[in-house]
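Peer 1: Input: one structure, supplied below.
Readers should treat all values here as calculations from the given coordinates under stated rules, not as data from a laboratory. The structure displayed is predicted, hence computed values, not measured ones. So basically every Cβ, Gly included, is an ideal-geometry build from the backbone, and we count neighbours across all protein chains shown.
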Amino acid sequence: MDAQPLKLVARTISGRYGKPFDRHFAYWKVQMDPLYQGVGGLLAGSSLPVLDVGCGTGLLCFYLLEQGVLGPLHGLDFDPQKIAAARKAAEALSNPPVFHQGDARDPWPDISGHVCLLDVLHYLPPDAQASLLTSAARHVAPGGRLVIRTGLKAENWRYRVTLMTDRLMNRLKLMKSPPVSYPEQGALETMLNGAGLQLITARPLNEGTPFNNHLLIFGRGTSLESNLA
Ligand SMILES: C[S@@+](CC[C@H](N)C(=O)[O-])C[C@H]1O[C@@H](n2cnc3c(N)ncnc32)[C@H](O)[C@@H]1O
């Protein structure tokens, strides 16, 4: 998306939030983080439900709505303030996303479609990541995708900046948990293959940022929707 339309989308989304901090955060995050365009481009043609686990203030759901994504949109997060902000922002919409407050380690709402885990895995230890990924795989419908963005463990400056920033966000109380464990791509693949999903694509998703973030897309065998790469 060109800078101008993206600015417009960011203004539309941010204007719905009740608190100035949430408005400013949404306005800049939607424009600066390549995440929303990356995932939005992927899911744009689909009408399957979307479940965004660790949805924060709901930016992905609101971005997908602006992109005309047709399926029901759901977000889940354990931070009550973030869910309250997301619900407030959804109030004025005629087709609002549904935001659930809950811990991703507990059972999820009964939704089958695409599952997004965006910048969430590293808040959990490896054993909890494994059970989260198993839950995620169970909620991926035939033709659906599991979309993961995560910082990957690495020996490079991007990894160190990612770790320092995530620690700082927790110290500033902007994030409830500190980072616990960044996964490695091979381990994610092994776990998800065991749960019946195959890796479709993996690429860095960090343009314009100093982070070591990667986008990994998994699907189920031969039933992949051809328009979703
Ligand atoms: C870095 S933010 C990412 C927000 C959103 N996915 C995005 O990319 O715009 C991580 C989110 O995961 C949530 N989170 C972390 N651990 C969680 C857990 N165990 N259950 C539910 N949400 C969790 C946090 O509250 C936070 O909103």
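Peer 1: Criterion first (in contact with a Ser or Thr (Cβ under 9 Å, 6 or more places away or on another chain), under 23 Å from VAL140 (Cα atoms), within 15 Å of the ligand (Cβ to nearest atom) and free of Cβ contacts under 8 Å to residues at least 60 places away in the same chain) does ASP106 satisfy it?
Peer 2: Against the criterion (in contact with a Ser or Thr (Cβ under 9 Å, 6 or more places away or on another chain), under 23 Å from VAL140 (Cα atoms), within 15 Å of the ligand (Cβ to nearest atom) and free of Cβ contacts under 8 Å to residues at least 60 places away in the same chain), ASP106 does not qualify.
Peer 1: Could you please find all residues in the stretch 106-129 being over 17 Å from the mean Cα position of the chain (by Cα) and among the hydrophobic types (A, V, I, L, M, F, W, C)?
Peer 2: ALA128, the sole residue that qualifies.
Peer 1: Shifting gears a bit: Which count do you get for residues in the stretch 129-164 that are surrounded by 15 or more Cβ atoms within 10 Å (Cβ to Cβ) and within 12 Å of the ligand (Cβ to nearest atom)?
Peer 2: Total satisfying the criteria: 9.
Peer 1: Considering only residues that are surrounded by fewer than 20 Cβ atoms within 10 Å (Cβ to Cβ) and either of a type in the set (Lys, Arg) or within 12 Å of the ligand (Cβ to nearest atom) (or both), which ones fall in the stretch 41-83?
Peer 2: PHE78, ASP79, PRO80, GLN81
Peer 1: State whether the residues of the stretch 66-78 include one that is polar (S, T, N, Q), in contact with a His (Cβ under 8 Å, 6 or more places away or on another chain) and more than 24 Å from SER135 (Cα to Cα).
Peer 2: no
Peer 1: For the stretch 18-40, name all the residues that are within 13 Å of the ligand (Cβ to nearest atom) and of a type in the set (Gly, Ala, Ser).
Peer 2: Answer for the stretch 18-40, where residues must be within 13 Å of the ligand (Cβ to nearest atom) and of a type in the set (Gly, Ala, Ser): ALA26, GLY38, GLY40.
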